[in-house]
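Visitor: Mind having a look at this structure? Questions to follow.
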Amino acid sequence: MRLKLRNVFVAYFLASLGGLLYALLQLGQPCDCRQRRGGAPDGGEGRERGAAGPGRPEPGGGQRPPGPGGPRLPPPALPPPELPPELPTIYVVTPTYARLVQKAELVRLSQTLLHVPRLHWVVVEDAPGPSALVAALLAQSGLRFTHLHAPTPPPRRPRPGDPAWLRPRGAEQRNRALQWLRDTRPAEPAVVYFADDDNTYSLRLFEEMRSTRRVAVWPVGLVGGLRFERPLVERGRVVGFHAAWKPERPFPLDMAGFAVALRLLLARPGARFDPRAERGYLESSLLQGLVSREQLEPKADNCTRVLVWHTRTEKPKMRQEEQLQRQGLGSDPRVEV
Amino acid sequence: MLRRRNLLTTLLIALPWALLLTLWHQYPTTRYLSLLKKETDENVTSKALVNGTSALREEGLPSCMRQQQSMVATRKVIQNYVYSRPPPWSDNLPTIFVITPTYTRPVQKAELTRLANTFLHVQNLHWVVVEDSPRRTNLVSNLLEKAGLNFTHLNVETPKSLKLGLSWIPSHTPRGTLQRNLGLHWLRNSFSNAAPPEGVVYFADDDNTYSLELFEEMRYTRRVSVWPVAFVGGLRYESPKVSPAGKVVGWKTVFDPNRPFAIDMAGFAISIKLILEKPQASFKLEGVKGGYQETSLLKDLVTMDGLEPKAANCTKVLVWHTRTERPTLVNEGKRGFTDPRVEV
């Protein structure tokens, strides 16, 4: 008996050793997981290359001083892969207002959006007319865009003495975008997303929202005094919301936490943002007219992943600038910042 | 009653498993295998597949991922998620090595995400991310691996004494110095002075904003190039003063314009050749006054008349020193309101 048992052990040992050696040998195989070299370029629709005109660094070595024509843009990407026509368009609505960091915010937002195929950027300025800064930026961005403007009426405009957190609401601007969408867009499969210019968006977010049928929702990071706010999902349906700031709201979401199908907006022409809504109720003022809680579509792995962050940019300190301006020596206003 | 024979048998059974477990952790390829199991992650963009034919997306996808994807693809008409790719590497363009020190805080992932989105547009860019931490964190490792960029991931922890002790003015704490020096050290180890690669080094903080033009401006730097930076020194922008002949003759700043190099970290780039030629040049930690950190490096590399002004003779602003507000996580409370397992 003892002899047999030992043979069993020996057999087991040899089998497991053999199997493990095989596995180790597999590990040793170089898996060509290098994503870096010779990768296909990102896709994207026919982009409108702006007035600046893409330059092309010459091949054939040696350093070359920059030409007199100014900076060279990177070489244009290879032609984008064919996208099926049924890929829904994403309309990104960004209200913006003039302040020091406006150009920087729009530049880095455009750099993110440039990676997303079939995207149409609708920028609405809080201004009586379109500004040259935004117009030039959009033209150069390489994105498909629409440039609108809608001034906030005086009572709601923030005044110089207001605290920093009391920022413009953007309701009138977003409503202007809704009006443009309703006036000009046919009922096609498309999604509308309200993206503020200071948030941070991961690329996957846009793919999550593309399949929206009515209203899709997902978590938002760094908002409402929390690491993230999110809808609570059970069996694929939204049953509640995990939020700490004013959780009694009908839709305790941030503007960045939902997207609406274009068809739904066109079907409900009365749905819009209420500029007189209390702080935090702006999102609810739109969503109440569109959908009920049960109809919300949870995305981002049943709302367990954070794909967008409600970052805010500090107001840059201008103490020395103000000092200089008092002396009449302020920086050249022709240099755009 | 343990007999020697039984002991030996037990040992022989346990040994191969112990071997496997130790070697598993060493091999980097296994990390890719584990990544396969996780769903493809946040910073990816989608291409649609029609009826599972995925010919277009094959290039650039690592071969191990390809099999996984094609198996799942056949079912849905619109499939998604491939990594966004930078433009193809060119052998004729100088490389831009971007050194970014970073540290763990709530906005870190957001900052690195949007920075990656920017860098994905730049050709021949190699991102050197240096964490201020005792170990490389999973958050940064995963982000870098999924971004699709050429990268190097380093870490070095700033000792607490250095963080607090050097200056009583918090704004002058030399944050990121050790990390940037480690980046320079890595460059010097990776390339030899005998055959220096064509390229530049740029120190890019993770909260600034960079235009794509900036990278093309700096690419052909011969020694050290400089340009204006917005929102520093309490001004709309600080810039070098450039003579009509195209030479840097001073600094347009209010804060101590008599510094040898009155320029922000984001306002200059150094050619690799110069870094390799002068191996002792690095940022100083001791005895560096506020605003002199850049000088502590540049003085060993170049003099003012050797600087190359870019951005149309320093009249255009191509980089903004933006700073992100610290989010007030007041509602988290003592025990944390939100699930700590969800990465933010």
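The values are calculated or read from the model by the stated rules, or taken from the named source; none is laboratory data. Fair warning: this is a prediction, and the values are worked out from it, not measured in the lab. Neighbour counts are summed over all protein chains in view; Cβ atoms, including those assigned to glycine, are modelled from backbone coordinates with ideal geometry.
Visitor: On the basis of being modelled with pLDDT under 95, among the hydrophobic types (A, V, I, L, M, F, W, C) and within 16 Å of the chain's Cα centre (by Cα), does residue A:107 make the cut?
Guide: Criteria not met by residue A:107.
Visitor: When the range A:240-251 is examined, which residues are found to be away from every other protein chain (no Cβ under 12 Å) and within 24 Å of residue A:204 (Cβ to Cβ)?
Guide: Matches in the range A:240-251: A:241, A:251.
Visitor: What number of residues in the range A:191-212 are under 8 Å from the mean Cα position of the chain (by Cα) and among the hydrophobic types (A, V, I, L, M, F, W, C)?
Guide: Residues in the range A:191-212 being under 8 Å from the mean Cα position of the chain (by Cα) and among the hydrophobic types (A, V, I, L, M, F, W, C): 4 in total.
Visitor: Residue by residue through the range B:86-120, note down the ones that are surrounded by fewer than 24 Cβ atoms within 10 Å (Cβ to Cβ), at the interface with chain A (Cβ under 9 Å from one of its Cβ atoms) and part of a loop (DSSP other than H, G, I, E, B).
Guide: Within the range B:86-120, B:87, B:88, B:89, B:90, B:91, B:92, B:93, B:94, B:106, B:107 meet the criteria.
Visitor: Next question. What number of residues within the range B:191-209 are surrounded by 21 or more Cβ atoms within 10 Å (Cβ to Cβ) and at the interface with chain A (Cβ under 8 Å from one of its Cβ atoms)?
Guide: 1
Visitor: Moving on to the next point. Confirm whether residue A:216 is in a strand (DSSP E or B) and either under 20 Å from the mean Cα position of the chain (by Cα) or under 23 Å from residue A:169 (Cα atoms) (or both).
Guide: Yes, satisfied.
Visitor: Would you pick out the residues in the range A:138-148 that are polar (S, T, N, Q), under 21 Å from residue A:184 (Cβ atoms) and within 14 Å of chain B (Cβ to nearest Cβ)?
Guide: Passing the criteria: only A:141.
Visitor: Residue B:264: crowded, with 18+ Cβ neighbours inside 10 Å and either at pLDDT 95 or above or within 14 Å of another protein chain (Cβ to nearest Cβ) (or both), yes or no?
Guide: yes
Visitor: Within the range B:296-333, take every residue that is in a loop (DSSP other than H, G, I, E, B) and farther than 28 Å from residue B:113 by Cβ and give me the one that is farthest from the other protein chains (Cβ to nearest Cβ).
Guide: B:299
Visitor: Taking the condition of being within 14 Å of chain B (Cβ to nearest Cβ), in a loop (DSSP other than H, G, I, E, B) and buried (at least 19 other Cβ atoms within 10 Å of the Cβ), how many residues in the range A:258-311 meet it?
Guide: Final tally of qualifying residues: 6.
Visitor: Condition check: within 11 Å of chain A (Cβ to nearest Cβ) and touching an Asp or Glu at 6+ places or on another chain (Cβ under 8 Å). Does residue B:336 satisfy that?
Guide: No; evaluated as a whole, the condition is false for this residue.
Visitor: Restricted to the range A:187-201, and to residues that are closer than 21 Å to residue A:296 by Cβ and of a type in the set (Ser, Thr, Tyr), which residue is farthest from the other protein chains (Cβ to nearest Cβ)?
Guide: A:193
Visitor: I'd like the full set of residues that are surrounded by fewer than 24 Cβ atoms within 10 Å (Cβ to Cβ) and either within 8 Å of chain B (Cβ to nearest Cβ) or touching a residue at least 60 places away in the same chain (Cβ under 8 Å) (or both), limited to the range A:97-106. First the steps, then the outcome.
Guide: Let us first name the residues in the range A:97-106 that are surrounded by fewer than 24 Cβ atoms within 10 Å (Cβ to Cβ), namely A:97-103, A:105-106.
Answer for the range A:97-106, where residues must be surrounded by fewer than 24 Cβ atoms within 10 Å (Cβ to Cβ) and either within 8 Å of chain B (Cβ to nearest Cβ) or touching a residue at least 60 places away in the same chain (Cβ under 8 Å) (or both): A:97, A:99, A:100, A:101, A:102, A:103, A:105, A:106.
Visitor: Let me ask something else. Output the helices (runs of 4 or more DSSP H) that fall wholly within the range B:159-249 and possess 1 or more residues being modelled with pLDDT of 95 or more, or say none.
Guide: B:177-190, B:212-219
Visitor: Looking at the range A:312-337, which of its residues are assigned to a loop (DSSP other than H, G, I, E, B), facing chain B (nearest Cβ under 10 Å) and farther than 27 Å from residue A:225 by Cβ?
Guide: A:318, A:329, A:330, A:331, A:332, A:333, A:334, A:335, A:336, A:337
Visitor: Scan the range B:252-273 residue by residue and report those that are of a type in the set (Lys, Arg) and in a loop (DSSP other than H, G, I, E, B).
Guide: So in the range B:252-273, the residues of a type in the set (Lys, Arg) come out as B:252, B:259, B:273.
B:259 - this is the single residue of the range B:252-273 that is of a type in the set (Lys, Arg) and in a loop (DSSP other than H, G, I, E, B).
Visitor: I'd like to verify a number: residues in the range A:107-144 that are without any contact (Cβ under 8 Å) to a residue 12 or more places away in the chain and in contact with a His (Cβ under 8 Å, 6 or more places away or on another chain), how many?
Guide: Going through the range A:107-144 one residue at a time, the tally reaches 1.
Visitor: Among the residues of the range B:311-344, count how many are in contact with a Leu (Cβ under 6 Å, 6 or more places away or on another chain) and at positive phi.
Guide: 1
Visitor: Counting only residues that are within 14 Å of chain B (Cβ to nearest Cβ) and buried (at least 17 other Cβ atoms within 10 Å of the Cβ), which one in the range A:114-137 is farthest from the chain's Cα centre (by Cα)? Give the derivation first.
Guide: Of the residues in the range A:114-137, the ones within 14 Å of chain B (Cβ to nearest Cβ) are A:114-119, A:133, A:136-137.
From the residues that got through so far, the ones that are buried (at least 17 other Cβ atoms within 10 Å of the Cβ) too are A:114-119, A:137.
Working: A:114: 10, A:115: 10, A:116: 9, A:117: 13, A:118: 14, A:119: 11, A:137: 17 Å.
Looking at the filtered set, the residue picked out is A:137.
Visitor: Of the numbered conditions (1) modelled with pLDDT under 95; (2) touching a helix residue (DSSP H, G or I) at 6+ places or on another chain (Cβ under 6 Å), residue A:280 satisfies every one except a single condition; which is it?
Guide: (2)
Visitor: Out of the range A:223-238, which residues are more than 7 Å from chain B (Cβ to nearest Cβ) and either in a loop (DSSP other than H, G, I, E, B) or touching a Lys or Arg at 6+ places or on another chain (Cβ under 8 Å) (or both)?
Guide: Taking the range A:223-238 first, the residues more than 7 Å from chain B (Cβ to nearest Cβ) are A:223, A:229-238.
Scanning the range A:223-238 gives A:223, A:235, A:236, A:238.
Visitor: Here's another thing I want to ask about it. Could you grab me the full set of residues in the range B:195-254 that are within 26 Å of the chain's Cα centre (by Cα), of a type in the set (A, V, I, L, M, F, W, C) and within 24 Å of residue A:332 (Cβ to Cβ)?
Guide: B:212, B:214, B:218, B:226, B:227, B:229, B:230, B:231, B:232
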